[in-house]
Each structure stands twice: as structure tokens, then as C-alpha cells.
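Asker: Following this message is one structure expressed as C-alpha cells.
The values are calculated or read from the model by the stated rules, or taken from the named source; none is laboratory data. Worth saying up front: this structure is predicted, and the values here are computed from it rather than measured. Note that we place each Cβ from the backbone using ideal geometry, even for glycine, and neighbour counts take in every protein chain shown. For accessibility, only protein heavy atoms count, side chains too; no ligands or nucleic acids. Shrake-Rupley method; radii C 1.70, N 1.55, O 1.52, S 1.80 Å.
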Amino acid sequence: MIVIYTLVGFIVVPPVIRIIAVKELSRQLGRQVSIKQVMFNPYAFSVMVRGFAIKDTDGGSQPFVSWGEVYVNFKFWSIFDKAWVVQDINVSQPHLQVARNKDGTFSFSDILDRFPTNAAPAKSHAKSKPLAILFEKIRITDADIDLINRQSYASVAPARPTKVSENIVAPSIAPNILILQAVTNVFARLIGSTNQIAATLKDLEWTNGAVHFQDFGSVHPAKLDLTGINFEAKNISNVPGTNMTAQLSLRWDTNGSIALSATAMLQPAAVDLQFNLNQLDLGTLTPYLESVLDLYILSSQVGINGGMRLRSPKNQLPQVEFQGDMLLNGFHTVDGMMAQDLVAWSSIWYHGIDVSLNPESVSLQKLTITSPYERVIIETNRSINVYNVLHMASPLLPATNAPEPVVAGQTTAGTNATHVAAGSQSLPPISIGEIVITNESGKFTDRSISPNVNLDIENVNGTISGISPLHPADINFRATIEGIGTAIITGTVYPFSSTATNRIKISLKDVDLTPTSPYAGKFAGYDIAEGKLDMDVYCQVVGRKLDCTNVIVLDQFTFGEAVNSPDATHLPVRLAIALLKDRDGRIVLNVPIQGSLDDPKFRISKVVQRAVVNILEKVATSPFSLLGAMFGGSGEELSYENFPAGSAQLTPAAVKKLDVMTNALYNRPGLQLEITGSIDPDGDLQGLQRAALDKQIRALVWKNLQKSAQATNSADQIVLSPGEREGWVDKLYRQAVADGKITPELITSDTNLAAYVATTWPQEPSKGATLLMASGKKNPATPYHTKLAPLPEPTEAVLLALIPVDEGKFENLAAYRARIVEQYLIKAGVQPSRLFLKTATGQGLRRDGSRVYLQFR
């Protein structure tokens, strides 16, 4: 019997098992199954199966499941004990290849179809004692798992919405509740399983395993190798009160490593997990970002060192806590379109993380970000690299007419179907002790304009401290712009309050404006020769209401060469600069900004742009009004000086206005003034004739003086009393009548005289002229006026009509008036090089008043 038992066990049973197993498994699985060798020890009740393989459906060289050798040692006498005991299970070189096919099925889907799982379980009326199985030791060596995805998502990628409603706020606790419920269900099933089977695995070892993951479903296949997997677990059991322990270590690709250790218990449910993740490279996960972000992770080193604690009180959701630190070092990304740097940093360190679920709370002692770098590029087609990465349309590109996709929670009319107001969900306690940013830098490039614009921000250092729902956070940052300028940002903000007042102060000093010269050339028509910017902004945000004071100072701002740009404004920008620049070369603009952040039409850039355009428009339309408001003038009256008819003598009112202009020119050294004389054809004609008549009278009076008086006085120095002048006018009038110079025909031929005579003596003008000649009397009660100035008395009016005034005298009067104004300004201290006389003759002579007109150049 012993010999027969030995021969059958060692020689007959192994090939029978191999033949039956290959045949039945091939039939049941619908796959080709192969077994190289089966060895059975009837005395030790151990089985060894070598060279087991199940072919994959693709017929490739790699099988679906295979192993080099499996050894199982069953303790036969344990069938008479309380629990069946499997002493050893040793598996060497196991291999599993799981693939997702192009049609969406898995490489094992055909096997699952052969074993339907929806059949109703057989009912058992008798209570049976649960089967107890004890696995003393399982050892897995050189395991290999391949995960492959052959499905392409290019044609079925979901459309991404271009706009998301800001009014839809997902409750922060909802996903956490789902996670906790799932954990609770797992524990409940494990605890409930003791009613059917009580199993304990004393020792499980997996040595030098590997998992090779490949996913060909995206344009760039994903690949991840987990090697050197060593796993050891002890006392794995669903028996209440059993303390279970486990340890895991593996190598992540080339340089990364993961080490985990855990202790657990089912009843009461408890898990304590300690883990150490070091230098995990996230670049292998880049393909999974393609549907959301168009970027590549060139390098990254993730590290997490901490512990997690889980407790599950009876009939309650589990309590989960995590404490530890996290590092993300050497992070470097490029955009997927141009392969240019996008975001990078040397190190991010999360120190003192303390997260709790049920109840929810988040705290962080310190977040340190070292040497972060950001790059923003506007491409030649006006697309922005950041928007390209986010798969969003650039705001600089023309808007399309395509309808916006309907966002979840919105109706097609655009109203929110499920509106949850911000702040309606209570936030969990969140506190961050301090955020420290060290040596940050950024670069802005605009290639849509030629020459390109390049701006660098460097040495950004600062902190945000005291972040919590109850207290304001203090902000303090400092940066360098283009190596010279400085930027300082300070303030206090309430990040978790919608009603508190947030205060931010931004100060820019000595920012060089020449790097922005291409913008000035495009939009202003001139490049920037020199200039620096100082700006002080103080903003208060209460809820969604913004109120800012914005003082902009341009120091030594000077336009350079003209640029032929079709986008350049036609407003007088050079004049605006000269008008606004003070004697110290500074331009000070106060641009307040107010509005609601909820207003879709409110944009800070547009508010500032509108304010600047308003100033330019005012300079273009009423520069003297703007200048007068600065230096005490009265609006546009500064743009001209009035003169008496026929005179170039400055009046006191004109002198006062010129003094204001002198003060303005002193304080605005960039202004140049063009001076143009003008005449009044009627008023100045009369004035010149009267001046000639007065000169004639003074000459006659001088001739009648004694020789001694003539020697000490000139004709121009003689002053006539009104009575003397009237006598001489009457005398000259009578002499002219006697000499035949004054005739009725002369009077009627002069429009002004004829109108006067018709008014004074309402009869035929010729008869009135005759009477005037005969009597020489005047009628003061009926004055006569020309269009611009009153006529003298009748006799003087007739005499003035005898005095000829040619065009040359008008031109000389206009030119002399302009010279008088120029001389006054020069004597007042205005440099002659800033004053330009403009003279004209003939049709070019200005004839719109007895004035001198001033024009800025």
C-alpha cells in the first residue's frame, strides 16, 4: 500500500493533474493554457506547478497570466483541527498583463463574460459554523505586472467649457463625506465577512517585485516602472482584535522611492500608517494632463513624510487625521505648443501639515516656496501661452460667435438653476501660519509687436502670515523690476470673509519705462527716449466693491522718434506730456478707480485707460483751460490777449493773463508757444484813423508852441485835454470843408457815414450830408456804432473818413501786437527759444479780433 501510494502520488498524479488542469482551464477560460510541470508530494501534501501560462487575446508574446513556479504546502492534519492551515505558498516570477483594448474592453473581459455574477445565491436554511483558514506564510518573488491602455481618447475627448459660473459653489464637505462612507462600507464588509469565513494570514512576503505600467490611450504614451517592490505583512485577518502589520518599499522609476508601514485592527476599526515618499518624478503622468492642460513636466521630485491615523467609532463616520511634511522640488514645466518655460521652482515645502476629516480642519505651520519662476508670452498671433495651456481662448483674440456651453447648474438662458451663494456653506477651520516666497522671478514677453517687449521681475521676496477665517492675513512683498525699479506690496486681507474690509497698498518706484517703448510707438506714435514710473495705489475692497486711489508719477518722461503706426492715436500726446510735465520733469496723475467686481463691464485696465484718454482729449480740445485750472487762469481766455482798437498797447487785463501764462511756462518748461497777431477790419480801421488824427493834432499844437517849449517836448509828448481836442477837430473839419475835401458825395459814398446821417437826420442821405456840411453840428443823443466799435461824433467821423489806411498798416499792427506779447514774456523770464512769432500777409492775416492768439507747439 505504501509503495502503491508513493508511486501514484509521485508519478501518476502529477501528469494527470497537469492534463486535466490544462484541458479544463482552457475550456472554462476560452484561452490557451499551458503547464510545463506539476510535482506532488503525497507525504508533505505539497504541490509545485511550474511554467504556468494563460495566453492573451492578442496572441502576443506576453501571456495574460503566468508564473515560473508556485509551491503550496497544506498541513493535512489541520482538517481535523479548528482551522485549515496552509503552511507555505511560494510564488516566483509571477506575471500579470492587464490591457485596455481599443474598443474599451479589457483583456480579461471575455473571461468575465463566461462567469455571470448576477445569479441568485443558493439559500441556506441551516446555520453553519464559518470556515476558518490560516495562511501561515505567502512569499512572492520577482513579480511583474504590466498595465497597458491601447484605447485612444483623441476622438472622444469631452468638450471643455470656456466659461464657468462663479456663482456655483460646491460644498467642500460633500466629496469627503463620500470618501468616509466608502471607507465605512469597506470596514463593515470585512467585519461582516467573519460570519462566513474567518481567515488569517500570518506572514505575507513579496520580494523584488515590479509593476510596469504603459498607457497608449493618449498621443504621448504614459509609462511608469515600479521596481524593487518588497512587501511584508503579518497577521492579516478578519478576526476581531487581531493586530495586523505591513511594510512596503519600492523604487519609483529611477530615483524615487516609497516606504510605508502600517498597523491596523478591524474591531474596533483602526489604522495607523507611516509613509516616506522621496523624489517621485511626476513627469511620467504628463500624458494624463493633456486633456486638461497643454504642458509637459520636465522634472519634479515629490516627497511626503508623515503619518495618517484612522479611527471608526461605532455607528459613526471614520475619523481621519494626517500630520506630516511635503516637498515638491526641482519642478519644471514647459508649454505644449512652443516648448518654452512656463512654471518652475526650486522647492516647495509644506511644513507642519495637519488635516482632519470628521470634523474637517486644515492647518499648515509654514509654506516655503523657493526660487519660483513664471513666464507669460503673447505670441505673434496674439494668443497667450497661459490661456493655451488651459485650453482657453485668449482675451486678445476676436471673440467668436459660437454659443457658450451650458455649465452644470445653469439653464440655457444663462440663469443659475442651482445657485449657492458664496459663503452659504460654512468653511472648515483653516489656518496657515506663514507663506514665505523667496527669490521669485518672472518674465513677460510680447511677440505680437515689433520690436518685442520684454519685462523682467526679479528678487520677489515676501510673506503672507496669519491666514485664518477669524483674523486678517498680513501681506508683505518686495520685488525688483528690470533690475532697478522696486515694487512693494503690503496690506491686510480676509480671505474667508465676504463682508470684511481688505486693504492693499502697492508702491512702484524707479521703474524704467524704456522697455515698454514698443507699446508707446504702436499706440502713441512715438517711442520712449527716457522716463521712469512711480506709482502709489491704495485699494479698499469691501465685499465686491472696489475703491482705489491711484497716483501715477512719470519722471523725466520723454518721447523719442516718431513711429509710423496705423494704431497710433491722433491725439496730441507730445503736447500732453509738455503740458503735464512740471519744472522738475515730473508728471503727476491722480486716477481714482471705483466699481464693483461683480460688474462684467468693470475692468481696472479700462478705467485707467479711459482716464488717460480723457486727459489727452482735454489737451486736444482745451489745453489752456487745463493749464488755467493748474495755475489760476480763467479757462480758455488764456489763449488770447485783447488790445484796444488800432493799438498795440497791453491792457491791465492782458498783463494779468500774461503773468499767469509766464507762471505756467515757468512750471512747464516743455511747452513752446506760438504767437499770432490779429486785427479787426472795422474796429482797427477806426482806431488807426483816430490815432493818425491825434498825431496830426499834436503836430499842429507842437508847431504853435514857443521855440523853447518845442526844444523840450516832442509832438508825441503833448497831452491834449478833451476840450482842446474837440476844438482842433472842429477846426480841421471846417478847413477840410473849405478846401473841398468834404463833400456830400464823400459822405454818402461811405457806408458808415451814410448810415449815421440817415439815423441822425431821417431824410435823404444827400440832404443830411449837406446839412452836416453846413452846420457841422452833432447829435450826441443818437450815437452811431459800427459792427465792433462806436463811431466818434459826426465831425470827427467825417475827418476819419479822409484818412487812408492801407493793408500794410493792418499787417504791421498785427505783427507789432505779437512782438509786444513776445517781449513781455521774455522780460518776465521766458526763454526766447520757446517763443515763436507767426506773421502773415494778405489773405493769411488773421482778421478775427483786435487780439494776439497763443498756440502751443
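Asker: Going through the stretch 738-749 one residue at a time, which ones are among the aliphatic types (A, V, I, L, M), in contact with a helix residue (DSSP H, G or I) (Cβ under 6 Å, 6 or more places away or on another chain) and assigned to a helix (DSSP H, G or I)? Write out each step before concluding.
Answerer: Here is the first cut: in the stretch 738-749, the ones among the aliphatic types (A, V, I, L, M) are 738, 742, 746-747.
Still in the running and in contact with a helix residue (DSSP H, G or I) (Cβ under 6 Å, 6 or more places away or on another chain): 742, 747.
Answer for the stretch 738-749, where residues must be among the aliphatic types (A, V, I, L, M), in contact with a helix residue (DSSP H, G or I) (Cβ under 6 Å, 6 or more places away or on another chain) and assigned to a helix (DSSP H, G or I): just I747.
Asker: A further question follows. Look through the stretch 358-378, keep the residues that are over 21 Å from the mean Cα position of the chain (by Cα) and not in a strand (DSSP E or B), and return whichever of them is nearest to I432 (Cα to Cα).
Answerer: So, considering only residues that are over 21 Å from the mean Cα position of the chain (by Cα) and not in a strand (DSSP E or B), the one nearest to I432 (Cα to Cα) is E360.
Asker: Additional query: With open to solvent by 30 Å² or more (accessible area, probe 1.4 Å), over 30 Å from S431 (Cβ atoms) and part of a strand (DSSP E or B) as the only criterion, which of D567, D536 stands out? Step through it out loud before you land on a result.
Answerer: Working: D567 fails: part of a strand (DSSP E or B).
Being open to solvent by 30 Å² or more (accessible area, probe 1.4 Å), over 30 Å from S431 (Cβ atoms) and part of a strand (DSSP E or B) holds for just one of D567, D536, which is D536.
Asker: Oh, and also: Considering only the stretch 400-422, I want to know if a residue exists there that is open to solvent by 50 Å² or more (accessible area, probe 1.4 Å) and modelled with pLDDT of 50 or more.
Answerer: Looking for residues that are open to solvent by 50 Å² or more (accessible area, probe 1.4 Å) and modelled with pLDDT of 50 or more, one finds at least one in the stretch 400-422, hence yes.
Asker: Taking the conditions exactly as written (surrounded by fewer than 16 Cβ atoms within 10 Å (Cβ to Cβ), over 30 Å from L289 (Cβ atoms) and either under 50 Å from the mean Cα position of the chain (by Cα) or modelled with pLDDT under 85 (or both)), does T263 satisfy them or not?
Answerer: Numbers: surrounded by fewer than 16 Cβ atoms within 10 Å (Cβ to Cβ): yes; over 30 Å from L289 (Cβ atoms): yes; either under 50 Å from the mean Cα position of the chain (by Cα) or modelled with pLDDT under 85 (or both): yes.
It is true that T263 is surrounded by fewer than 16 Cβ atoms within 10 Å (Cβ to Cβ), over 30 Å from L289 (Cβ atoms) and either under 50 Å from the mean Cα position of the chain (by Cα) or modelled with pLDDT under 85 (or both).
Asker: Looking for something assigned to a helix (DSSP H, G or I) and either modelled with pLDDT of 80 or more or touching a Lys or Arg at 6+ places or on another chain (Cβ under 7 Å) (or both) - is there at least one such residue anywhere in the stretch 787-794?
Answerer: The initial filter retains those residues of the stretch 787-794 that are assigned to a helix (DSSP H, G or I), namely 794.
Now narrow it down to the ones that are either modelled with pLDDT of 80 or more or touching a Lys or Arg at 6+ places or on another chain (Cβ under 7 Å) (or both): 794.
Yes; the residues of the stretch 787-794 include at least one that is assigned to a helix (DSSP H, G or I) and either modelled with pLDDT of 80 or more or touching a Lys or Arg at 6+ places or on another chain (Cβ under 7 Å) (or both).
Asker: For the stretch 502-533, how many residues are free of Cβ contacts under 8 Å to residues at least 60 places away in the same chain and open to solvent by 40 Å² or more (accessible area, probe 1.4 Å)?
Answerer: Within the stretch 502-533, residues that are free of Cβ contacts under 8 Å to residues at least 60 places away in the same chain and open to solvent by 40 Å² or more (accessible area, probe 1.4 Å) number 14.
Asker: Sticking with this structure for a sec: Filter the stretch 306-342 for residues that are more than 27 Å from G352 (Cβ to Cβ) and of a type in the set (G, A, S) and give the result.
Answerer: G336, A339 - these are the residues of the stretch 306-342 that are more than 27 Å from G352 (Cβ to Cβ) and of a type in the set (G, A, S).
Asker: Right, another one. Spot the failing condition for G646; the list is (1) open to solvent by less than 30 Å² (accessible area, probe 1.4 Å); (2) of a type in the set (G, A, S); (3) touching an Asp or Glu at 6+ places or on another chain (Cβ under 8 Å); (4) assigned to a helix (DSSP H, G or I), and only one is missed.
Answerer: Unmet condition: (4).
Table: residues versus (1) open to solvent by 30 Å² or more (accessible area, probe 1.4 Å); (2) small (G, A, S); (3) farther than 30 Å from A132 by Cβ.
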site: F231; (1), (2), (3): yes, no, no
site: N243; (1), (2), (3): yes, no, no
site: A246; (1), (2), (3): no, yes, no
site: Y288; (1), (2), (3): yes, no, yes
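Asker: What residue, of T516, T480, is in contact with a Leu (Cβ under 9 Å, 6 or more places away or on another chain), among the hydroxyl-bearing types (S, T, Y) and at negative phi? Steps first, answer last, please.
Answerer: Values: T480 fails: in contact with a Leu (Cβ under 9 Å, 6 or more places away or on another chain).
Sole residue among the options that is in contact with a Leu (Cβ under 9 Å, 6 or more places away or on another chain), among the hydroxyl-bearing types (S, T, Y) and at negative phi: T516.
Asker: Considering only residues of the stretch 61-86 that are at pLDDT below 85, open to solvent by 30 Å² or more (accessible area, probe 1.4 Å) and not basic (K, R), which is nearest to the chain's Cα centre (by Cα)?
Answerer: Q62
Asker: Give all pairs with beta carbons closer than 9 Å in which a residue from the stretch 225-243 that is at positive phi meets a residue that is hydroxyl-bearing (S, T, Y) and assigned to a loop (DSSP other than H, G, I, E, B); count only pairs at least 6 apart in sequence or on separate chains.
Answerer: Note: pairs meeting the criteria are N235/T242.
Asker: Here's something else I'd like to know. How do the pairs read when you match residues in the stretch 97-110 that are open to solvent by 60 Å² or more (accessible area, probe 1.4 Å) with residues anywhere that are in a loop (DSSP other than H, G, I, E, B), using Cβ under 6 Å and keeping only pairs 6 or more apart or on different chains?
Answerer: Matching pairs, first to second residue: R100/Q151; K102/R150; K102/Q151.
Asker: Same structure, new question: Could you check the stretch 719-736 and list, in sequence order, the residues that are surrounded by 13 or more Cβ atoms within 10 Å (Cβ to Cβ) and not in a helix (DSSP H, G or I)?
Answerer: The answer is L720, and nothing else.
Asker: Taking A487, is it among the small types (G, A, S), over 23 Å from S596 (Cβ atoms) and exposed (fewer than 15 other Cβ atoms within 10 Å of the Cβ)? Before the answer, list the steps.
Answerer: Values: among the small types (G, A, S): yes; over 23 Å from S596 (Cβ atoms): yes; exposed (fewer than 15 other Cβ atoms within 10 Å of the Cβ): no.
When the stated conditions are applied, A487 does not pass them.
Asker: Just wondering, is there one or more residues in the stretch 343-357 that are crowded, with 16+ Cβ neighbours inside 10 Å and part of a loop (DSSP other than H, G, I, E, B)?
Answerer: Checked against the condition, which is being crowded, with 16+ Cβ neighbours inside 10 Å and part of a loop (DSSP other than H, G, I, E, B), the stretch 343-357 yields no hits at all.
Asker: Output the residues belonging to the stretch 263-294 that are part of a loop (DSSP other than H, G, I, E, B) and out of contact with any His (no Cβ under 9 Å at 6 or more places or on another chain).
Answerer: To start, the set of residues in the stretch 263-294 that are part of a loop (DSSP other than H, G, I, E, B) comprises 266-268, 281, 290-294.
Correct list: L266, Q267, P268, D281.
Asker: Inspect the stretch 335-357 for any residue being of a type outside the set (S, T, N, Q) and over 26 Å from D281 (Cα atoms) and give the result as yes or no. Lay out the reasoning, then the answer.
Answerer: Going through the stretch 335-357, the residues of a type outside the set (S, T, N, Q) turn out to be 335-339, 341-345, 348-355, 357.
Now narrow it down to the ones that are over 26 Å from D281 (Cα atoms): 357.
Yes, there is a match, as at least one residue in the stretch 335-357 is of a type outside the set (S, T, N, Q) and over 26 Å from D281 (Cα atoms).
Asker: Considering only the stretch 797-855, how many residues are assigned to a loop (DSSP other than H, G, I, E, B) and without any contact (Cβ under 8 Å) to a residue 24 or more places away in the chain? Talk me through it step by step, then tell me what you get.
Answerer: Step one: of the stretch 797-855, the residues assigned to a loop (DSSP other than H, G, I, E, B) are 802-806, 828-831, 839-841, 845, 847-850.
Within this subset, residues satisfying the condition of being without any contact (Cβ under 8 Å) to a residue 24 or more places away in the chain are 804, 806, 831.
So the count comes out to 3.
For (1) open to solvent by 40 Å² or more (accessible area, probe 1.4 Å); (2) modelled with pLDDT of 75 or more; (3) at negative phi; (4) not small (G, A, S), each residue gets a yes or a no:
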{"site": "V588", "(1), (2), (3), (4)": "yes, yes, yes, yes"}
{"site": "G628", "(1), (2), (3), (4)": "no, yes, yes, no"}
{"site": "G632", "(1), (2), (3), (4)": "yes, no, no, no"}
{"site": "L638", "(1), (2), (3), (4)": "no, yes, yes, yes"}
{"site": "N642", "(1), (2), (3), (4)": "yes, yes, yes, yes"}
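Asker: Right, another one. Run down Q735, Q763 and say which single residue is polar (S, T, N, Q) and modelled with pLDDT of 75 or more.
Answerer: Working: Q763 fails: modelled with pLDDT of 75 or more.
Just one listed residue meets the conditions, Q735.
Asker: Now a separate question. Please determine whether any residue of the stretch 815-825 is modelled with pLDDT of 75 or more, open to solvent by 20 Å² or more (accessible area, probe 1.4 Å) and in contact with a helix residue (DSSP H, G or I) (Cβ under 6 Å, 6 or more places away or on another chain).
Answerer: yes
Asker: Scan the stretch 663-699 for residues that are closer than 21 Å to A814 by Cβ, part of a helix (DSSP H, G or I), among the charged types (D, E, K, R) and open to solvent by 40 Å² or more (accessible area, probe 1.4 Å) and jot them down.
Answerer: If the condition is that a residue be closer than 21 Å to A814 by Cβ, part of a helix (DSSP H, G or I), among the charged types (D, E, K, R) and open to solvent by 40 Å² or more (accessible area, probe 1.4 Å), then R690, K695 are the ones that fit.
Asker: So D598 passes all but one of these: (1) among the charged types (D, E, K, R); (2) part of a loop (DSSP other than H, G, I, E, B); (3) touching a strand residue (DSSP E or B) at 6+ places or on another chain (Cβ under 6 Å). Which condition number does it fail?
Answerer: Exception for D598: condition (3).
Asker: Condition first: open to solvent by less than 50 Å² (accessible area, probe 1.4 Å) and β-branched (V, I, T). Now tell me which residues in the stretch 453-484 satisfy that.
Answerer: Within the stretch 453-484, V453, V460, T463, I464, I467, I475, T480, I481 qualify.
Asker: Kindly establish whether F624 is modelled with pLDDT under 75, open to solvent by less than 30 Å² (accessible area, probe 1.4 Å) and not charged (D, E, K, R). Don't jump to the end; show me each part of the working.
Answerer: Values: modelled with pLDDT under 75: no; open to solvent by less than 30 Å² (accessible area, probe 1.4 Å): yes; not charged (D, E, K, R): yes.
When the stated conditions are applied, F624 does not pass them.
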